[in-house]
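Let me begin by presenting the structure, written as structure tokens, before commenting on it.
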Amino acid sequence: MASIYYHFTIILFSFLMLSSLPQPSIATSRMLALVNQPPVILKYHNGQLLKGNITVNLLWYGKFTPIQRSILVDFFLSLNHKLPRQPSVNTWWSTTGLYKGGPSNLVVGNQILDEKYSHGKSLKNRQVQRLALKAGGHSKSTATLSLVLTSADVAVEDFCMSACGIHGYARYKKVRYAYAWVGNSETQCPGQCAWPFHQPLYGPQTPPLVAPNGDVGVDGMVINLGTVLAGAITNPFDDGYYQGPADGSLEAVSACTGIFGKGAYPGYPGEVLVDKTSGASYNAVGVNGREYLLPAMWDPHTSKCKTFV
């Protein structure tokens with residue numbers, strides 16, 4: 001078998017805020033104290049970005065219901081679908097087009113269902129990487145992203161301890177390919193990886209928001225998917241846009257952790273929209289009438305975290 005080289009960046013808990021000091025291989029969290037933070041500047045390091053038409057190959061590991069898969073697939077379809085109703089997922093994603101190289105159009109490619117847990121229910125990072133290779137990392141094209149999604153009953157190394165998702169790259173037969181992983185945290189650590197749809201494990205115990213698609217775990221996955229996708233597109237090979245050390249940097253969305261709307265501060269996601277019928281909170285609409293809550297993204301034109309409500 002051809003040799004494989006792996007590197008990955010961990011995306012820290014999507015909400016908290018325990019320290020402002022960089023940590024190796026971990027995106028920096030936001031401080032709990034209300035103090036003035038230095039401005040975030042993501043520097044471009046002259047590397048390749050994933051721009052143009054990018055095929056995203058999905059591997060569903062474990063048992064997802066058809067409804068859960070449809071929520072996530074609709075999110076992918078919404079990234080490049082312009083809608084008259086605003087703010088939209090497409091408007092949110094268009095911020096990645098402000099980075100060098102222009103827009104990134106993500107298209108869902110192969111989908112593999114691994115409902116028999118081929119590697120068991122407790123995965124090491126290397127096993128996740130090999131699943132990503134199975135999903136499509138063996139393609140000769142670098143215009144692909146392999147994405148592994150794990151169900152609520154699957155434990156993954158670092159999951160719930162320091163990570164809600166990762167993205168990275170590997171080499172297979174001398175070709176680099178980008179990959180990412182996100183897990184469903186509903187039964188393992190919703191207070192860490194599904195905030196603000198669950199009370200946080202640490203910090204101010206504010207009431208949780210109502211998940212827009214009625215699934216705390218999967219709606220939390222959308223937040224973390226947005227984080228790793230934006231990072232994978234704008235810093236796929238550790239030489240794109242980031243601040244800090246290459247293996248523990250702030251990226252397009254992780255630089256704006258915990259911000260979902262205007263006026264956000266640690267423990268408070270900011271002003272968001274509320275569905276009049278369901279009472280659910282959201283800040284972006286998608287295809288098939290979907291509503292999603294998406295994190296703020298760093299705008300390279302203004303050097304600020306951009307929100308849309």
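The values are calculated or read from the model by the stated rules, or taken from the named source; none is laboratory data. On a predicted model such as this, the values are computed, not experimentally measured, just so you know. Here the Cβ is made from the backbone with ideal geometry for all residues, glycine too, and neighbour counts use every protein chain on show. For accessibility, only protein heavy atoms count, side chains too; no ligands or nucleic acids. Shrake-Rupley method; radii C 1.70, N 1.55, O 1.52, S 1.80 Å.
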### Query
So who's got an amide H within less than 5 Å of the one on K304, skipping anything under 5 residues away but keeping other chains? H placed 1.01 Å off N, in plane.
D299
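If packing is taken as the average number of other Cβ atoms within 10 Å across a peptide's residues, how do 266-275, 199-208, 175-184 rank, most packed first? Before the final figure, lay out each step's value.
Numbers: 266-275: 17.7, 199-208: 14.5, 175-184: 25.5.
In decreasing order of mean packing, 266-275, 199-208, 175-184 become 175-184, 266-275, 199-208.
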## Note on the structure
Under the rule rounded for a/c under 1.5, else prolate if a/b exceeds b/c, else oblate, using alpha carbon gyration tensor axes a ≥ b ≥ c, the stretch 95-134 is classed as prolate
### Query
Straight-line reach from K121: which aspartates and glutamates have a Cα under 20 Å away, not including same-chain ones fewer than 8 places off?
D153, E157, D158, E186
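When ligands, DNA and RNA are left out and all protein chains stay put, how many square angstrom of accessible area per residue does the chain have with a 1.4 Å probe?
Numbers: 12530 Å² over 309 residues.
Ligands and nucleic acids excluded, the figure is 41 Å² per residue.
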### Query
Once the whole set of protein chains is in place, how much accessible area is left on H45, using a 1.4 Å probe, in Å² to the nearest 10?
60 Å²
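Let me know the shape class of the stretch 38-133, please: from the alpha-carbon gyration tensor, a ≥ b ≥ c as square roots of the eigenvalues, rounded when a/c is under 1.5, otherwise prolate if a/b is greater than b/c, or oblate.
Details: a/c = 2.25, a/b = 1.42, b/c = 1.58.
Oblate is the answer for the stretch 38-133, as a/c is 1.5 or above yet b/c matches or exceeds a/b.
Using only the Cα atoms, what convex hull volume per residue in Å³ does the chain have? Mind dumping the intermediate values first?
Working: hull volume 36.6 nm³, N = 309.
About 119 Å³ per residue, rounded to a whole number.
Using a 1.4 Å probe over the heavy atoms of the protein chains, calculate the carbon and sulfur portion of the accessible area of the chain as a whole percent. Before the final figure, lay out each step's value.
Numbers: 6900 of 12530 Å².
Here carbon and sulfur together make up 55 percent of the probe-accessible area.
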### Task
Sequence neighbours fewer than 8 away in the same chain don't count; with that in mind, list the aspartates and glutamates whose C-alpha is under 14 Å from K43.
D238, D239, E251, D299
### Message
Which lysines, if any, have their Cα less than 29 Å from the Cα of K124, not counting same-chain residues under 8 positions apart?
### Response
K63, K116, K134, K140, K173, K174
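Hey, what did the chain get for relative contact order, percent, Cα under 8 Å, at least 6 apart? Walk me through the numbers before you get to the answer.
Values: 769 pairs, mean separation 80.9, N = 309.
That works out to 26 percent.
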### Query
So what are the ³J(HN,Hα) numbers for the stretch 164-176, from phi and the Karplus equation (6.51, -1.76, 1.60; θ = phi - 60°), rounded to whole Hz, Gly and Pro as x?
10, x, 9, 9, x, 8, 9, 10, 9, 6, 6, 10, 7
### Task
Sort the following peptides by mean Cβ neighbour count (other Cβ atoms within 10 Å, averaged over residues), highest first: 158-170, 294-306.
158-170, 294-306
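Helices from the chain with mean Kyte-Doolittle at least -0.5 and a Cα length along the axis of 27 Å or more, per DSSP H: which?
Details: long enough: 216-234 (28 Å, 1.52).
The qualifying helices are 216-234.
Could you order the peptides 210-222, 115-127 from most to least packed, using the average number of other C-beta atoms within 10 Å per residue?
Details: 210-222: 23.7, 115-127: 13.8.
Taking the mean over residues of other Cβ atoms within 10 Å, the ranking is 210-222, 115-127.
Quick one: grab the alpha carbon gyration tensor of the stretch 191-309, order the square roots of its eigenvalues as a ≥ b ≥ c, and give me rounded if a/c is under 1.5, else prolate or oblate depending on whether a/b is larger than b/c. All intermediate terms of the calculation are to be shown ahead of the outcome.
Numbers: a/c = 1.80, a/b = 1.58, b/c = 1.14.
Prolate shape, in that a/c is at least 1.5 and a/b is the bigger ratio.
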### Residues with amide H under 5 Å from that of L201, placed H, sequence gap 5 or more
Q192
